[in-house]
Amino acid sequence: MNYIVKRKMIGCFAVFLIVIFGFGFAFTKDLTASTTAPIGITVAIDAGHGGLDGGSVGVSTGITERDLNIVFAKKLTKYLEDLGITVVNTRLDKNGLYKEVTDDYKLVDMKNRADIINNSNAQILVSIHMNKFSDQSQNGAQVFFEQGNEDSKNLAESIKNILTANFENARKLVLAGDYYILNETKPIGVIVECGFLSNPEEEKLLQNDEYQNKMCYSIYCGIINYLGITDTIAEGQYHQI
Ligand SMILES: [Zn+2]
């Protein structure tokens, strides 16, 4: 079924309410729609892990967080770029950010990420991850902020608000964390754990294209709401893939 939702001065949240109650979830932007670029906004997107560091591993399919984080990072990048926001990615392939495998290759990787982010002049940083836990029943996306940083907490709340509106199982509390990628970088940053690869059901969903779109679109809405940007695609259209 194809459908079109005209957007005029309605926020992402309202769009998703319509979506949730009536139409399904997957959207792609009509690239013929006119956009007004928010001038000077840069967002850094960090796809967690890479190279030898595969991160969490899917309990049923064995998919790695390393590979899945890239898929989400690319989708989020596209939503932001379509609005005219400049995006800087720390990585866009499966490789880590280190040249050779030394004892401290993970630290080298993290330092290189921080350098890319700090040299980008980005105002916002979103680090994409997938969670895991020994109890396989644990599920749901969750947002983490930099301990003691009120701006980071507000950004986390903004993203969480959209996630909880669109995903029944998204965690309603944002949590403070002591993370290198947040502590050592200049932009207002958060970590989004998109779901649990240790939960077989969620592992499957996280590999579903429409589910990924819905998740990334929600993160996108959380970011632009925080920035106070009205989606300026006044004549824009969204349609089902
Ligand atoms: Zn991770």
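Here are some notes:
- Checking Met130, Met110 one by one, the residue that is within 16 Å of the ligand (Cβ to nearest atom), modelled with pLDDT of 95 or more, surrounded by 15 or more Cβ atoms within 10 Å (Cβ to Cβ) and more than 18 Å from Phe72 (Cβ to Cβ) is Met110 and no other.
- Filter result (more than 14 Å from the ligand (Cβ to nearest atom) and without any contact (Cβ under 8 Å) to a residue 60 or more places away in the chain) within segment 181-195: Asn183
- Residue count for segment 37-75 under the criterion of being without any contact (Cβ under 8 Å) to a residue 60 or more places away in the chain, assigned to a loop (DSSP other than H, G, I, E, B) and among the hydroxyl-bearing types (Ser, Thr, Tyr): the result is 0.
- Flag if Leu206 is out of contact with any His (no Cβ under 7 Å at 6 or more places or on another chain), of a type outside the set (Val, Ile, Thr) and either at pLDDT below 95 or under 28 Å from Asn112 (Cα atoms) (or both): yes
- Residue within segment 89-101 that is closer than 25 Å to Tyr211 by Cα, touching an Asp or Glu at 6+ places or on another chain (Cβ under 9 Å), touching a residue at least 60 places away in the same chain (Cβ under 8 Å) and not charged (D, E, K, R) present: no
- Residues of segment 47-102 classified as among the hydrophobic types (A, V, I, L, M, F, W, C) and away from the ligand (no atom under 16 Å from the Cβ), total: 7
The values are calculated or read from the model by the stated rules, or taken from the named source; none is laboratory data. These numbers were taken from a predicted model, which means no experiment stands behind them. As a convention, Cβ positions derive from the backbone with ideal geometry for all residues, glycine included, and neighbour counts pool all protein chains shown.
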